Amino acid sequence: MIYYLSHYSELPEGEIVDEMLAILSDRNRIMQKKELEYNNAKYNEYLNRKRTEEE
(Lines give C-alpha, C1' and ligand atoms only; values in the text may rest on other atoms or scores of the structure.)
Protein backbone atom coordinates (compact mmCIF):
# COMPACT_ATOMS: atom_id res chain seq x y z
CA MET A 1 0.00 0.00 0.00
CA ILE A 2 2.78 2.42 0.91
CA TYR A 3 4.54 1.81 -2.41
CA TYR A 4 1.30 2.35 -4.32
CA LEU A 5 0.57 5.59 -2.51
CA SER A 6 4.16 6.87 -2.58
CA HIS A 7 3.85 8.15 -6.15
CA TYR A 8 1.33 10.78 -5.04
CA SER A 9 2.68 14.17 -3.98
CA GLU A 10 -0.56 14.77 -2.10
CA LEU A 11 -2.36 11.73 -0.67
CA PRO A 12 -6.00 11.51 -1.80
CA GLU A 13 -8.22 10.31 1.03
CA GLY A 14 -10.34 8.19 -1.30
CA GLU A 15 -7.32 6.17 -2.45
CA ILE A 16 -6.21 5.54 1.12
CA VAL A 17 -9.68 4.41 2.14
CA ASP A 18 -9.99 2.12 -0.90
CA GLU A 19 -6.64 0.51 -0.15
CA MET A 20 -7.49 0.03 3.52
CA LEU A 21 -10.82 -1.58 2.64
CA ALA A 22 -9.13 -3.89 0.15
CA ILE A 23 -6.61 -4.96 2.79
CA LEU A 24 -9.39 -5.63 5.32
CA SER A 25 -11.34 -7.60 2.73
CA ASP A 26 -8.29 -9.75 1.92
CA ARG A 27 -7.61 -10.25 5.63
CA ASN A 28 -11.19 -11.38 6.29
CA ARG A 29 -11.10 -13.77 3.33
CA ILE A 30 -7.84 -15.31 4.58
CA MET A 31 -9.21 -15.66 8.11
CA GLN A 32 -12.36 -17.40 6.80
CA LYS A 33 -10.25 -19.74 4.69
CA LYS A 34 -8.07 -20.67 7.68
CA GLU A 35 -11.14 -21.26 9.84
CA LEU A 36 -12.72 -23.50 7.18
CA GLU A 37 -9.46 -25.44 6.78
CA TYR A 38 -9.26 -25.94 10.55
CA ASN A 39 -12.88 -27.12 10.76
CA ASN A 40 -12.38 -29.45 7.81
CA ALA A 41 -9.27 -30.95 9.42
CA LYS A 42 -11.14 -31.55 12.69
CA TYR A 43 -14.05 -33.16 10.85
CA ASN A 44 -11.66 -35.42 8.94
CA GLU A 45 -10.01 -36.43 12.22
CA TYR A 46 -13.46 -37.28 13.59
CA LEU A 47 -14.32 -39.39 10.54
CA ASN A 48 -10.98 -41.20 10.67
CA ARG A 49 -11.35 -41.89 14.38
CA LYS A 50 -14.89 -43.17 13.85
CA ARG A 51 -13.73 -45.43 11.01
CA THR A 52 -10.92 -46.97 13.08
CA GLU A 53 -13.34 -47.62 15.96
CA GLU A 54 -15.69 -49.49 13.63
CA GLU A 55 -12.95 -51.80 12.37
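A few points about this structure:
- Calculated accessible area for the chain comes out at 98 Å² per residue, all protein chains present (probe 1.4 Å; ligands, DNA, RNA ignored).
- Average silhouette area of the chain, convex hull of alpha-carbon atoms, in square nanometres: 4.4 nm²
- Virtual spin-label span in nm between L11 and E55, 7 Å along Cα→Cβ: 5.9 nm
- For the chain, the Cβ-based charge dipole about the Cα centre amounts to some 400 debye (Lys, Arg positive; Asp, Glu negative; other atoms uncharged).
- Rounded percent of accessible protein surface that carbon and sulfur make up, the chain, 1.4 Å probe: 55 percent
- Angle between the chain longest axis and helix 13-54 axis [Cα atoms, degrees, rounded to 10]: 10 degrees
The values are calculated or read from the model by the stated rules, or taken from the named source; none is laboratory data. None of the values given here were measured: they were computed from a predicted structure. Quick reminder, even Gly has a Cβ in these numbers, built from the backbone with ideal geometry, and neighbours come from all protein chains shown. In case anyone asks, the SASA skips ligands and DNA or RNA and just uses the protein heavy atoms, side chains included. Shrake-Rupley method; radii C 1.70, N 1.55, O 1.52, S 1.80 Å.
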